[in-house]
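So the structure is just underneath, and the comments pick up after that.
Each reported figure results from applying straightforward, stated rules to the coordinates on display, with no laboratory input. These figures come from a predicted structure and were not determined experimentally. Glycine also receives a Cβ, built like all others from the backbone with ideal geometry; neighbour counts cover every protein chain displayed.
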């Protein structure tokens, strides 16, 4: 009779991979990525030239200059307004017949960076927004870092369902991202998925691009986030090839079915003096240097299903062409669209942060004695530590290289052959800047902030600097308001946070005034700090279209697992890439619960904004009608009599 131990041993051998299995797997991958005929590498390179798989290779691309919205986004906005009308009327509690499409507030949902912590908690906030009907009233959803990952999965294998996206998180996040046997198993057990996961990095390599650790990170990350963990039948059903093309998300926005996703990255431009301050052996990339500045700064870029570009350079290219080389405003090669795998790595490349950023992330986990001691050291060397990246960012060809007649803001940038893109959270962990872009006319921003050390984040101070530099007059004076709150707080710093904070935009003529709130009948009323003038200037003030920010910091909630504080829990660290199913549920639940703290305020703000816009439209129509009558009267009086 067979020994029981032998039988158990056979079962284990049949079910658990051995060390020899892993060595064999590594050898198989090495063989597959060799350059010979029949290898996976060669298959990917061949498919890059297949126009049935990559129709974009039949097209040339050009740079579009200026900051007007592209025609595709303008068409999207019109379609989205039509889809939102019924949902908006229901959300604020009025009849659909009362709602004119042009009066519906432009709402943007903004998720912060913060790795898996932000990815999961922002899903919780969005889930609550969907359940309450607010999500169906939103025009845009923007993200930084981890929130970009959430949006990408929602738009692809999550099938535009937050419930399905949450289930995917539970299945996918419980294995560490650096568990390479799992990565290897995915590649070997599913050739179709392996090709999609690897084609981004193979495309960059085969075309002589600079590869960085970010590209490898994105490849591994895609094997975790963009592949179904549970199969339904054949291996080929694991993944949709179109999910790896960000431009294909337009399938769900062209007809207004979903808010337009906006993904963000930044380029860290260093001062001309930087090479002199580096030690022997340190490496600096010439393209990172701006010879015309002595200060370092971050330049923001956005990616939508339609375009990649920057408002500060006033230059845009089709998203399907990003990754190609451009010279003088035209693409000089026809390559497939850059894989979403590579973009996911770039969106969330927090590990390429500066030394100062690393310290800000780990500081909340240190005891007070150590953090106080480190603070004095960090502050002494803050300038240098804010400019040195231990790891290189992701590298791409510069779309505006040698662009003829560039805008003044883009002159220096157009001389750089490559651009190095980082996680946008290195500058501001909230994606506020793209939402302030002219033409989008955003009225209300709901910001879901899952940042580390959330009590002292400088995002709004940085936003204040940005709006001053860009001449944006609609932004709320958040820094001033917070300073006033702190001054009134008896227990002193830090300022006590609430689950929801509301900051109203104000008119440029009086930065201390409240915004205009209409009466129920649609007629405007003056805020308490504004003079009650009857001249036409009051109407001009109303038309400033102030922005209202509704801010949701991810803080503990006594009504939901009262002792759960993401700032103090190791699995919530930005650099943790293993989250168990119950932890996913816990963190998403906190975001969802916190959202309801502000629901009634949101409804009130939405209705007030709608009434204001309605009053403005009716007044405008009245003035136009009056002007037409006046013009007609003048025409009649000038007609000669027979």
*Can you give me the Cα centroid spacing of segment 152-224 and segment 447-476 in angstrom?*
32
*To the nearest 0.05, what FRET efficiency results for residue 581 and residue 483 with a Förster distance of 35 Å applied to their C-beta separation?*
0.25
*Theoretical FRET efficiency, 1/(1+(r/R0)^6), r = Cβ-Cβ of residue 98 and residue 411, R0 60 Å, to 0.05*: 0.75
_Considering all alpha-carbon pairs of segment 387-475, what whole percent are spaced by more than 23 angstrom?_
43
*Arranged from highest to lowest average of other beta-carbon atoms within 10 Å per residue, in what order do the peptides 575-584, 308-317 appear?*
308-317, 575-584
*asked:* At a 10 angstrom cut-off on C-beta neighbours, averaged per residue, how do the peptides 428-441, 548-561, 459-472 rank from highest to lowest?
replied: 428-441, 548-561, 459-472
_Residues of segment 248-264 with the amide nitrogen closer than 20 Å to a label point 7 Å from the Cα of residue 78, along Cα-to-Cβ, please._
250-261
*Rank by packing, highest mean first: peptides 404-412, 144-152, with packing defined as the count of other Cβ atoms within 10 Å averaged across residues.*
144-152, 404-412
*If each of residue 180 and residue 297 carries a label point 7 Å out from its Cα toward its Cβ, how far apart are those two points in nm?*
4.2
*Going by the alpha-carbon gyration tensor, a ≥ b ≥ c the square roots of its eigenvalues, is segment 56-204 rounded (a/c under 1.5) or, if a/c is not under 1.5, prolate (a/b greater than b/c) versus oblate?*
oblate
*asked:* If each residue of separation counts as 0.36 nm, what is the full-extension length gain between residue 257 and residue 624 once their alpha-carbon separation is subtracted?
replied: 128.8 nm
